[in-house]
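Notes follow the structure.
Read-outs throughout are calculated quantities, based only on the coordinates presented, and are distinct from any laboratory measurement. Remember, it's a predicted structure, so these values are computed and weren't measured experimentally. All Cβ positions, even for glycine, are placed from backbone atoms using ideal geometry, and neighbour counts span all protein chains on display.
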Amino acid sequence: MTGLLTHVEGDPVAIDNADAEGEFLFVCEHASPRLPERLGTLGLSKEALESHIAWDPGALAVARHLAEKLDGTLIHQRFSRLAYDCNRPPESDAAMPPVSEVYQVPGNRAMSAAEREARVNEIYRPFHDAILRFVSDRKAAGRRPVLVTMHSFTPVYFGKPRTVEIGILHDADSRLADRMLAIATDGEVAYDIRRNEPYGPADGVTHSLVEYGVRNGLPNVMIEIRNDLIRDEVSQRVMADYLEGLLVKSMAALPAR
């Protein structure tokens, strides 16, 4: 295979509202279950390819609602994380996982070096470059975006139920996460919200936060939503309404940047 994507598949990265006036940059690395045509099914069943191992159900919809509400820009990946997980660097085994939870991924086990490099160059690099270009352009214009990466997680993982409903994740820079957690747990609590759950930096999930946020000195946070809470349009809008208020209040509480 000399290349991965065909000309009819289009750009691997999509940018919504590129000229937004708001300060938020929403990033959704696991927005789609779609696989490049040349990868076939990776040896997986239809059930597996529609499940959480292929994408983050509901995350893109909530991110779109937030971008609209806050006049922010949204950058999202158009292919499945099974082809390449854009929240992982190329050297990570999890970037093209041979196993995802209980599922073996045969098509990720027998890749040649050239096939692996094609996925890096045709999926990860364009996504990576688009975000860095956006951040650089904003900074050159005297504006400093606020990075929010949007994810969802399965209610049951390796057979164990998860009670956490929203995770507020961070790496070395916890400025925004600290304020979101303080505001979310002050008074009446709407959801079970926890710091660095159900994943955290030790799980390798903060690549985007570090690469695009921490290294550029930008406030940043990763939001994980249990996907049974955002299964339809109504629940997605309810969640977006809640997160809009939480983000706006938290940014108002941040020291001047």
request  = Give, in whole angstrom and from largest to smallest, the semi-axes √(5λ) of the equivalent ellipsoid of the stretch 7-250, with λ running over the eigenvalues of the Cα gyration tensor.
outcome  = 27, 22, 16
ask   = Of 136, 152, 45, which has the largest mean-square fluctuation in a 10 Å C-alpha GNM of the chain?
value = 45
query = Using a Gaussian network model of the chain with C-alpha springs under 10 Å, which one of 27, 156, 120 is most mobile by mean-square fluctuation?
reply = 156
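So, with +1 on the Cβ of K and R and -1 on the Cβ of D and E, and no other charges, what is the size of the charge dipole of the chain about its Cα centre, to the nearest 20 debye? Each step should come with its number before you reach the end.
Numbers: 29 positive and 38 negative charges, 77 e Å.
Charge dipole of the chain: 380 debye, to the nearest 20.
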note = Among the Cα-Cα pairs of the stretch 127-257, the proportion with separation greater than 24 Å, in percent, is 32
message = Quick check: the angle from helix 125-140's long axis to the longest principal axis of the chain, C-alpha only, nearest 10 degrees?
response = 30
ask   = With axes computed from alpha carbons, what is the tilt in degrees of helix 175-184 against the longest principal axis of the chain, rounded to the nearest 10 within 0 to 90?
value = 70
Pair residue 252, residue 18: separation of 7 Å Cα→Cβ label points (nm) = 3.3
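When DSSP assigns beta bridges and you keep just the ones with both residues in the chain, what percent turn out antiparallel, to the nearest 5? Write down the numbers at each step before the final one.
Working: 12 of 30 bridges.
That works out to approximately 40 percent antiparallel.
Which of the pairs 69/139; 160/249; 46/69 have their Cα atoms more than 29 Å apart in this structure? Write out the running numbers ahead of the final one.
Values: 69/139 23 Å; 160/249 34 Å; 46/69 34 Å.
From the list (69/139; 160/249; 46/69), the Cα-Cα distance tops 29 Å for 160/249; 46/69.
For the chain, what does -39500 (n - 2.57) per DSSP helix run (n ≥ 4), summed and divided by total residues, give at 222 nm, in deg cm²/dmol to the nearest 500?
Values: 6 runs with 70 residues, N = 257.
That calculation yields -8500 deg cm²/dmol at 222 nm.
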query = Any idea what the alpha-carbon Rg over 2.2 N^0.38 Å comes to for the stretch 1-53?
reply = 1.50
remark   = Helix 59-69: inclination vs the chain longest Cα principal axis, degrees, rounded to 10, gives 40
task = State the answer as a single residue: which of 13, 187, 31 lies farthest towards the positive end of the charge dipole of the chain, with beta carbon charges of +1 for Lys and Arg and -1 for Asp and Glu, about the Cα centre.
result = 13
